[in-house]
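Beneath this line is the structure, given in structure tokens, with notes to follow.
Read-outs: derived from the displayed coordinates by stated rules, not from any lab. All values reported here derive from a predicted model rather than from experimental measurement. Heads up, the Cβs are rebuilt from the backbone with ideal geometry, glycines too, and the neighbour counts pull from every protein chain shown.
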Amino acid sequence: MKSLTFIRVCYFLILSFFPSLLFANTSAYDDTLFSHPATESTLKALSSQLHFGSSASGDFTQYRQLKVLKKPLVSHGHFLFDQHRGLVWQQLRPFKSSLILKDKQLIQVNSQGHIQIQDAGNIPAASALENIMPSLLNAMLTGDIKQLEQDFSISFLQAKKQWQLGLIPKDPLVAKILPKMIIEGQTSINQLVLFSPNGDSSKIVFSHIQNRPLTMAELNAFNPDTKKSKQTN
């Protein structure tokens, strides 16, 4: 089940669309979007209009829609991203927990402050995800959309200022876990929707995104106190 834990990192990412968009509407624009392959010119134009930066911070609200539940599970938190260090995903409500992705490791900090460290390289599916997540994060937060072509088949739709990117992983291991993703935005990337094979989905709405150098206190969040840590393979 370690690979499923690692997938939680993907259920964060990065970035304020319109909260009124419900999961019930997802399949409608989903079908239309994935029938429109992206062209070289559209990807180039999109990259040129997005904000660039090697580090960022912001808030998120995550809506996890499970088939067995009528209403989505909602959580709120804060994220930190640095192109060279990785990602810190801090859930603040309904309870505190953190996920840190760096140096080919997944570090989990639970509400009691206990730390668990996992090596993604020892898990085939997680390792495949670990290889593509840096490019996905960089593309989403720096505007380098073109690099996504290496790992995904890309679809694109735009209506006025609002655009959507549909991503289907090329790696079979990744596709079994996350068969498709949708990124949405305007002048920056605002929302990420992920789909699981069993029909569950996760929508992350981002707000207060700042593309700026991280403070020293924020950089320290990438290196939690490991005295309570537990190493797993």
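Assorted remarks:
- Applied to the range 170-184, the Karplus parametrisation 6.51 cos²θ - 1.76 cosθ + 1.60 on θ = phi - 60° returns per-residue 3J(HN,Hα) values of 7, 6, x, 5, 5, 4, 5, 9, 10, x, 6, 9, 10, 10, 10 Hz, with x for Gly and Pro.
- Residue 31/residue 153 FRET efficiency (R0 22 Å; Cβ-Cβ; nearest 0.05): 0.90
- Amide H within-cut-off set for residue 170, under 5 Å, with H built and near neighbours excluded: 152, 153
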